[in-house]
Amino acid sequence: MKKTSLNDIAQQLGVSKTLVSFVLNGKGKEFRISDDICKKVIDLAKELNYQPNRIAQGLRTGKTNTIGLIIADIANQFFGKLGREIEQEAARHGYRVIFCSSDENPEKSKQQIAMLQQSQVDGFIISPPMNSEEQIRSLSKSNIPYVLIDRYFPEIESNYIVIDNFDAAYRATSHLLKLGRKRIANLTVNLDLVIMKERTEGYKQALRDAGVEIDENLVKVLPFTHDNKDIDRTIKDLVGKRNNKKADAILFSTSKLGIMGIECISALGLKIPEDLAIVSFDDPDAYRICVSPVTVINQPLKEIGKMAVQVLLNKIKHPIAKNQTITLKTDFIIRKSCGS
């Protein structure tokens, strides 16, 4: 089916294509086009389901009312929910969102940024993978509006919205310590990522403040691939029969690690929380329907999404506006898995 064009509307009404363009871009009064003609143009455009060419519109006006969103992993429920919040908030402001998933791959992220720039997006919301600093610096140098979410680069001045990762991990670890757990393990992913480093530091500081010696054997850094074999081997190393100094609790730094880790724990015949207390970052649906519902550090996804869009739109409208760095608190939701 042929897409309706400006020319189609103009021909049916016997007016010029330019007049139709002025009306549909809200410039009817500016160019003294009668209300009657404006109504006829708008009504016919609706009847014919006219859809503007965003790229062509962007070339004319410098705006496409489109945001490019690059998240780390669209298959991860955390990022999926966050993307949804961003999409809903953007729609409230008349913006569309183009989704991309970098899969924590900096080369893929670089290609996606280039593709979205070609699509004339007005700005970016990015959850940047490791080793993508130059991409972010390039956006800054080009004065392209962007906001970083979930993680940031301390050495780069930018707009970003994150949670207080140190405080969240500190509170979770302190809670386990108050329940009498002494050998608390921390399962995390690459510590080159600043948010993971902050979570591990919060965990360690809670141990120090409680006078508990830090055992580096209980800090397990896993690859981003989240391979079942890696997680299975790590859990067995922490709680297996051959371990004389078994962990009595685990803090999972991501929900993906947590879900896979709980599966391994169950396969070993261990009970939560009797044998092993569990706390995890994020709150996927699976955590609430476990035999022992999981205690979680819940991130304010709605607030992150809302602020990301608002900060970006402010930057689009005011390019020289000062960068905003926002750190949000988390909710600590206590359930059965930590034994309290």
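Kindly indicate which of Phe332, Phe281 is more than 19 Å from the chain's Cα centre (by Cα) and closer than 19 Å to Asn186 by Cβ.
Working: Phe281 fails: more than 19 Å from the chain's Cα centre (by Cα).
Residue meeting the stated conditions: Phe332.
Here's the yes/no breakdown for (1) in the same structural domain as Phe281 (by TED's automatic domain parsing); (2) farther than 28 Å from Glu155 by Cβ; (3) modelled with pLDDT of 95 or more:
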| site | (1), (2), (3) |
| --- | --- |
| Ile67 | no, no, yes |
| Asp73 | no, no, no |
| Lys81 | no, yes, no |
| Ser109 | no, no, yes |
| Gln120 | no, yes, no |
| Gly123 | no, no, yes |
| Ile126 | no, no, yes |
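Being small (Gly, Ala, Ser) and farther than 21 Å from Asp167 by Cβ narrows it down to one of Gly240, Gly211, Gly258, Gly202, so name that one.
Working: Gly211 fails: farther than 21 Å from Asp167 by Cβ; Gly258 fails: farther than 21 Å from Asp167 by Cβ; Gly202 fails: farther than 21 Å from Asp167 by Cβ.
It is Gly240.
Checking each residue in segment 161-188 for being closer than 26 Å to Lys336 by Cβ, touching a residue at least 40 places away in the same chain (Cβ under 8 Å) and not in a helix (DSSP H, G or I) picks out Ile163, Asp164, Leu179, Arg181, Lys182, Arg183, Ile184, Ala185, Asn186, Leu187, Thr188.
If you go through segment 128-139 one residue at a time, how many are touching an Asp or Glu at 6+ places or on another chain (Cβ under 8 Å) and at pLDDT 95 or above? Qualifying residue count, segment 128-139: 1. Suppose the filter is in contact (Cβ under 8 Å) with a residue 12 or more places away in the chain and of a type in the set (Lys, Arg); does Lys220 pass it? Taking the combined requirement at face value, the residue satisfies it. Only a single item in (1) assigned to a helix (DSSP H, G or I); (2) assigned by TED's automatic domain parsing to the domain that holds Leu238; (3) within 21 Å of the chain's Cα centre (by Cα) is not met by Leu191, and it is number (1).
Okay, residues lined up against (1) under 20 Å from Ile333 (Cα atoms); (2) exposed (fewer than 15 other Cβ atoms within 10 Å of the Cβ); (3) in contact with a Leu (Cβ under 9 Å, 6 or more places away or on another chain); (4) not polar (S, T, N, Q):
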{"site": "Ser127", "(1), (2), (3), (4)": "no, no, yes, no"}
{"site": "Leu177", "(1), (2), (3), (4)": "yes, no, yes, yes"}
{"site": "Gln205", "(1), (2), (3), (4)": "no, no, no, no"}
{"site": "Glu216", "(1), (2), (3), (4)": "no, yes, no, yes"}
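Only one of these is crowded, with 18+ Cβ neighbours inside 10 Å and acidic (Asp, Glu): Asp192, Asp164, Asp150. Name it. Spell out the reasoning first.
Values: Asp192 fails: crowded, with 18+ Cβ neighbours inside 10 Å; Asp164 fails: crowded, with 18+ Cβ neighbours inside 10 Å.
That would be Asp150, the only listed residue that is crowded, with 18+ Cβ neighbours inside 10 Å and acidic (Asp, Glu).
Scanning segment 280-303 for residues that are in a helix (DSSP H, G or I) and in contact with an Asp or Glu (Cβ under 7 Å, 6 or more places away or on another chain) turns up Leu301, Lys302.
Taking the conditions exactly as written (closer than 25 Å to Ile67 by Cβ, within 18 Å of the chain's Cα centre (by Cα) and either of a type in the set (A, V, I, L, M, F, W, C) or assigned to a helix (DSSP H, G or I) (or both)), does Ala321 satisfy them or not? Don't jump to the end; show me each part of the working.
Numbers: closer than 25 Å to Ile67 by Cβ: yes; within 18 Å of the chain's Cα centre (by Cα): no; either of a type in the set (A, V, I, L, M, F, W, C) or assigned to a helix (DSSP H, G or I) (or both): yes.
The answer is no for Ala321.
There is no residue in segment 220-241 that is under 20 Å from Arg335 (Cβ atoms) and either in contact with a helix residue (DSSP H, G or I) (Cβ under 8 Å, 6 or more places away or on another chain) or surrounded by 20 or more Cβ atoms within 10 Å (Cβ to Cβ) (or both).
Scan segment 200-218 and give yes if some residue there is charged (D, E, K, R), in the same structural domain as Ser280 (by TED's automatic domain parsing) and touching an Asp or Glu at 6+ places or on another chain (Cβ under 8 Å), otherwise no.
In the first step, residues of segment 200-218 are kept if they are charged (D, E, K, R); the result is 201, 204, 208-209, 213, 215-216.
Okay, now just the ones that are also in the same structural domain as Ser280 (by TED's automatic domain parsing), so 201, 204, 208-209, 213, 215-216.
Narrowing further to those that are touching an Asp or Glu at 6+ places or on another chain (Cβ under 8 Å): none.
No, there is no match, as no residue in segment 200-218 is charged (D, E, K, R), in the same structural domain as Ser280 (by TED's automatic domain parsing) and touching an Asp or Glu at 6+ places or on another chain (Cβ under 8 Å).
Taken together, Ser132, Ser158 contain a single residue that is without any contact (Cβ under 8 Å) to a residue 40 or more places away in the chain, in contact with a helix residue (DSSP H, G or I) (Cβ under 8 Å, 6 or more places away or on another chain) and small (Gly, Ala, Ser), which is Ser132.
Those residues that are free of Cβ contacts under 8 Å to residues at least 12 places away in the same chain and closer than 24 Å to Lys63 by Cα, I need them from segment 11-27; list them, please. Can you show your working first?
Kept after step one, since they are free of Cβ contacts under 8 Å to residues at least 12 places away in the same chain, are these residues of segment 11-27: 11, 14, 16-18, 22, 26-27.
Of everything in segment 11-27, those that are free of Cβ contacts under 8 Å to residues at least 12 places away in the same chain and closer than 24 Å to Lys63 by Cα turn out to be Ser16, Lys17, Thr18, Phe22, Gly26, Lys27.
Of all positions in segment 274-288, at least one carries a residue that is touching a helix residue (DSSP H, G or I) at 6+ places or on another chain (Cβ under 8 Å) and among the β-branched types (Val, Ile, Thr). Return yes or no: is Ser266 free of Cβ contacts under 8 Å to residues at least 40 places away in the same chain, assigned by TED's automatic domain parsing to the domain that holds Ala169 and in contact with a Gly (Cβ under 7 Å, 6 or more places away or on another chain)? Considered against the rule, which asks whether it is free of Cβ contacts under 8 Å to residues at least 40 places away in the same chain, assigned by TED's automatic domain parsing to the domain that holds Ala169 and in contact with a Gly (Cβ under 7 Å, 6 or more places away or on another chain), Ser266 comes out as no. Whether a residue is at pLDDT 85 or above, surrounded by 16 or more Cβ atoms within 10 Å (Cβ to Cβ) and part of a helix (DSSP H, G or I) was assessed, and Val41 passes this test.
The values are calculated or read from the model by the stated rules, or taken from the named source; none is laboratory data. These figures come from a predicted structure and were not determined experimentally. Glycine also receives a Cβ, built like all others from the backbone with ideal geometry; neighbour counts cover every protein chain displayed.
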